[in-house]
């Protein structure tokens, strides 16, 4: 008996990527800018140009900045305005997530945004993976109503790492909401992931790096920010972490 | 005899920063998103929210992605749409720059965007510092007409490094266009810069880092992209560069 | 029936970490400097100080720089001298790997280093994961003789990602050499890894970040190198990669 | 009247760079490993191989790890051992620096290392730039005796930025110790630096990036650590910094 064939949502940040995603048979795109920081709200022109070029649904990222998911009143207002604008332009849905400082889903504010977004589709994004408890967060998000899916890497850095949690989440969700797995899914691990769990939807980047069209290049001037190793943090082996690993290994070996 | 007191333009990417800039007596703000990559076009909601909160002029960055300044037709179209939208929202000006693969200013396309932007003010941004020749680029930009200022760090990584070139550019410009110096200007070097050159306008970040409001933090999951040292590039001392430096030193010593 | 309890080798770069590893019940340490670039040859003083402080075996990384594993004659000579010195100091073993430009193991040079290292133990490190074919590389390394183990993440970014390849490698090795899995092994995934494969040895970092002892901190000066986003590379969705993923998904779904 | 022609010290981390530095007419090299973190103690083999290949003096970096300059007893011991070993190998001098948590020079420990290093030459490195007061630090270092020079970028990120402080330091030193300027000195700014100040010694990297010899490349596996944007820090415009800059600008304009 064959399993469900999952739908593929592809993360994009340009018209070219939107077209490539459609040609590559994506079911849907998630449109962001600033993927370096994990995706923020795209510009009006980018949304409009992409809606004009592809036929598959476009979900618009609503995230006013990189970093955490705890927003000021000003940032919340920006999100409201951007949802309104995405709706005006004809987007099919919006993607957001808001947490409280304690790591719980901010139910009040998410509810307001969901109301605001109607009748657009809504995805709760990987802010889910930064909550204090994914199983509680799942119930909180379902309780809000009007959210069709959650994007998650299983409360871990990648879907492969978080696979056990994703399996539990799919079971707990029990079709009340779609658990869309995303984060580090690649050609080399997708069969393994799908053999472990039946997923209705998958979120992928499927990206590649292409050289710039510039022939004249300057290597000494940079437009962006510099990153440095911190001078004031030191990495050492943790006796505790090591003991935990050895214990886990012993438990498994004596099974 | 006292010199001109320069106007300060402040680079921002949030409502909070817009308010702080106005309170700090900025003359104008440049609104971007994605400062990690040097600034890209902000979202509609961000532009609208900031225009509502501050009274000083808001210049909107029109840059469809990070990286170089040579754009596809699709990217050019996105820029046109975003200029149109910034105008609609009531922005005071727009900021952009387009180069050709050979490192010259793309006069045709820049002209089209300037026409499109009318009657908004226009700044040609630091794409200027990535041109093959800043003195030719200056004439090209003046020849287009309708561009009020050029943002430059003097074809170098910072204003302090590029000071000699900025001095030459101001002289060459001869009030036909404003040379706005920006890139690495700080409290500790601004007096030195202004003692070397009289500038009408200065562009600064004046930023600080504040902690997130989150109390519950996860350090093992990241939303953004990872950076790595390249495995396939090696740094070595260049005999040529060293000889050049020693020659320059000899020239200076024998003056 | 219980499985083998794996031995734990811990990667260290300080005396403190060496002591923590021993206290945490590590079976052995791998001593490196410069873990930021994946580990290079430690200094003489570091090797000596650690040999004095802990009783478990110390394997010394022999890698003259970060980056690739294709070395100049000068670099090869440095490796020879460092092996000699590690032996002199009383280290228990050395860790290295050399590749040819085509991605094959450099059998000649590795053989010379193995001879040179006698009677020390030898580990072939993750250069193994940068070869053009791990199954051929395994046979090449075994054919050299005198190498006790290979450190590998299964020709992939982490052990979890490369698990299928590690399983095949263990089977192929058939006790002729130890396949030591290492790369991204953590408390949260070690049971899963060990339930999929019986491993004799595991290589872990088990590290944590501790704050510096400095009370007076300067945040504007950095000692190390700056990283920047490249201005001349652009990320786009790859139609081909997306199609490959969807095909893999279809294959799995129709099983 | 011509000025002193400065001596050039070149920072190196390989035999190739040592040879290039000598060919490029360097007066001396500073040998480090791990330049990514600003330089740490090189391996025994690297020191020996370089001493064999070049005739100009080799100063050996004695720094047991990246990060701050406040060391544990274990780290201090490693430094002692490494100084002893560098002496044994025939190095011409050693380079180190130790601070106390309050940002003062650790006079006691530095004195011990200087005694230990005799009769080698000693440079106090850029830990100087992380002290709480460079003018006090200068006197502290002179008071120790036996230290020939201080490497400094003028308590700022680069020599160009810190030029005013370097000028003051040279004046204050008054030939009691050599102030060697280093940090960001390049072909494009060296004449400007030397026209502002007469320097006896200059420290440069003069480096270039060359491609690896590997023809077979894997772009998906990395040996080193990943860097990420912090999720829990937010950059905003600082009203205070902006006001400070505008004040500085006003002061300069009214001169």
Out of B:228, B:216, B:71, any idea which swings most in a Gaussian network model of chain B, alpha carbons joined below 10 Å? B:228
Note the distances from residue C:142 to each other copy's matching label point, with points 7 Å along the Cα-to-beta-carbon direction, in nm, sorted shortest first. 5.1, 6.9, 7.5
At 10 °C and a viscosity of 1.306 mPa s, what translational diffusion coefficient does Stokes-Einstein give for chain D, taking Rh as the Kirkwood radius over Cα pairs? Give it in µm²/s as a whole number. 79 µm²/s
On each of the three principal axes the extent of the alpha-carbon atoms of the stretch B:104-202, given in whole Å and largest first, is 40, 27, 22
Would you look at the GNM of chain C, springs on alpha carbons closer than 10 Å, and say which of C:155, C:222, C:92 moves the most? C:222
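Summarise the partner chain shielding of A:53-66 as one whole number: the mean count of Cβ atoms from other chains within 10 Å of each residue's Cβ. If you can, show how the numbers build up before the last one.
On the way: counts 2, 0, 0, 0, 0, 0, 0, 1, 1, 2, 3, 9, 10, 12.
Per residue, the average neighbour count from other chains is 3.
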With runs of 4+ DSSP H residues as the only contributors, calculate the mean residue ellipticity of the protein assembly as shown at 222 nm using -39,500 (n - 2.57) per run, divided by the residue total and rounded to the nearest 500. -11000 deg cm²/dmol
Which one of B:104, B:23, B:235 has the biggest mean-square fluctuation once chain B is modelled by GNM with Cα springs under 10 Å? B:235
Over the Cα atoms of the protein assembly as shown, how large are the radius of gyration and the largest Cα-Cα distance (Dmax), in Å? 29.3, 93
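Just need the relative contact order of the stretch A:160-255 here, percent rounded to a whole number, with Cα pairs under 8 Å and 6+ apart. Present the calculation step by step, with values, prior to reporting the outcome.
Values: 37 pairs, mean separation 20.1, N = 96.
The normalised contact order for the stretch A:160-255 reaches 21 percent.
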Exam field: residue C:168 pseudo-label spacings to other copies (7 Å along Cα-Cβ), nanometres: 3.3, 5.9, 6.5
Whole-angstrom gap from the stretch A:192-215 to the stretch B:172-240, using each part's C-alpha centre: 32 Å
Distance in Å, no decimals, from the C-alpha centre of the stretch A:89-139 to the one of the stretch A:1-51 is 19 Å
Give the nm distances, rounded to one decimal, from residue C:208 to the matching residue in every other copy, measuring between label points 7 Å along Cα toward the beta carbon; shortest first. 3.2, 4.4, 4.8
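Give the relative contact order (percent, whole number) for chain B; include only Cα pairs under 8 Å separated by 6+ residues. Could the numbers behind the result be given before it?
On the way: 394 pairs, mean separation 37.2, N = 255.
Relative contact order, chain B: 15 percent.
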Efficiency by 1/(1 + (r/R0)^6): what FRET value for residue C:111 and residue C:139, r their Cβ-Cβ distance, R0 = 22 Å, to the nearest 0.05? 0.95
If we count other beta carbons within 10 Å of each Cβ, what is the order of C:73, C:102, B:13, B:68, fewest first? C:73, C:102, B:68, B:13
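Within 10 Å of each residue's Cβ, count the other Cβ atoms and sort C:161, D:231, B:215 from fewest upward.
Going from sparsest to densest Cβ surroundings: B:215, D:231, C:161.
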Using only alpha carbon pairs under 8 Å that are at least six residues apart, calculate the relative contact order of the stretch B:83-186 and give it in whole percent. 23 percent
Within the stretch D:136-160, which residues have the backbone N less than 14 Å from the label spot 7 Å out from residue D:118 along Cα→beta-carbon, could you tell me? D:144-147
How well do other chains shield peptide B:17-23, expressed as the mean number of their Cβ atoms within 10 Å of each residue Cβ? 5
Which residues in the stretch A:6-49 have a backbone N closer than 16 Å to a point placed 7 Å from the Cα of residue D:219 along the Cα-to-Cβ line? A:17
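May I ask you to compute the full-extension gain from residue B:5 to residue B:52, defined as 0.36 nm times their residue separation minus their alpha-carbon distance, rounded to one decimal in nm? The partial results should precede the final answer.
Values: separation 47, 0.36 × 47 = 16.92 nm, distance 2.81 nm.
Extra length available between residue B:5 and residue B:52 comes to 14.1 nm.
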Near the axis that takes chain D to chain A, which D residue has its beta carbon closest, and at how many Å? D:227, 3
Can you put C:217, B:77 in order, fewest other beta carbons within 10 Å first? C:217, B:77
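Since every read-out is calculated from the coordinates, none of them should be taken as a lab result. All values reported here derive from a predicted model rather than from experimental measurement. Glycine gets a Cβ as well: all are built from the backbone with ideal geometry, and neighbour counts include every protein chain shown.
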